[in-house]
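The values are calculated or read from the model by the stated rules, or taken from the named source; none is laboratory data. Note that the coordinates shown come from a computational prediction; the quantities given were computed from them, not determined experimentally. Cβ coordinates were reconstructed from backbone atoms using ideal geometry, including for glycine residues, and neighbour counts include every protein chain displayed. Only protein heavy atoms, including side chains, enter the accessible area calculation; ligands, DNA and RNA are left aside. Shrake-Rupley method; radii C 1.70, N 1.55, O 1.52, S 1.80 Å.
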Amino acid sequence: MAVYKDVYEVTDDSNQGERVSANLDTPDQLLKWILKEKSSAKPHIDRWRAAATECYRFVDGHQVSEADAAVLKKANRPDNAFNSAQKFIRFVTGVERVAQEAVIFNPIDENNARQQIYGEFLTRCYDWAIAKGSGTFERSRSFYDLIVAGMGWEDYYIDRSIDPRGMPAMTRLDPMEMWFPEVDRQNLVSSRWR
């Protein structure tokens, strides 16, 4: 079994960690590798998207399946259900909107004044970038996706449409558009690509 470390190198378990070339030197080989990875991820992605769609439907108040709803409608019975999941999801995401997490850069050595000043400067820079790029709103939308479907995605980039020098910007990405390999660790840590 091969364990992928980065795009161009493979570590094979059978040879005790020796690096083996993945032969991705030409664009054709790289394209072939990308298509192979995409086709191997497709069944996993399709299963996740089906489950995520069902999760979004459930939170939106559609707890009964389409077939059951048709049977109930044919019998002139309501298909209402108590949506207790939605109130908890609204509560958790509402708390996140009101009291968002803060990133604070602390120095490793608390007695070093230079590291403390640098940490405070980095904290202020991060706060400025989040405020300028409407990061709090986009992060809240991604957090909602994470709570409901299990995956929340954001894109951070430099936007030059308003200021030619560039301003930090963030945007929520639709989880249904994302591709990721099947992994066994949280936050796709063991993935080779995302």
Legend entry - Charge dipole (debye, nearest 20) of the chain; +1 at Cβ of Lys and Arg, -1 at Cβ of Asp and Glu: 680 debye
Legend entry - Whichever aspartates and glutamates have a C-alpha closer than 17 Å to that of Lys74, once near sequence neighbours (fewer than 8 apart) are set aside: Glu66
Legend entry - Nearest-10 value in Å² for the accessible area of Arg97, using the 1.4 Å probe: 130 Å²
Legend entry - Mean Kyte hydropathy of -0.5 or more with a Cα span along the axis of at least 30 Å, helices from DSSP in the chain: none
Inset, instruction - Would you work out which of Ala41, Gly150, Val64 lies farthest towards the positive end of the dipole of the chain, given +1 charges on the beta-carbon of Lys and Arg and -1 on that of Asp and Glu, about the Cα centre? - result: Val64
Inset, instruction - Name the long-range amide H neighbours of Gly61: under 5 Å, sequence gap of 5 or more, or other chain; modelled H, no Pro or chain starts. - result: none
Inset, instruction - Leaving ligands, DNA and RNA out of it, report the carbon-plus-sulfur percent of the accessible area of the chain at a 1.4 Å probe. - result: 56 percent
Legend entry - Ellipticity estimate at 222 nm from DSSP helix runs (n ≥ 4, -39,500 (n - 2.57)) divided over the chain, nearest 500: -16000 deg cm²/dmol
Inset, instruction - For the chain, just say rounded, prolate or oblate: build the C-alpha gyration tensor, square-root its eigenvalues into a ≥ b ≥ c, call rounded for a/c under 1.5, and beyond that prolate if a/b exceeds b/c, oblate if not. - result: oblate
Legend entry - For the stretch 151-156, 3J(HN,Hα) per residue [Karplus equation, 6.51 cos²θ - 1.76 cosθ + 1.60, θ = phi - 60°, Hz, x = Gly/Pro]: 9, x, 10, 9, 10, 10
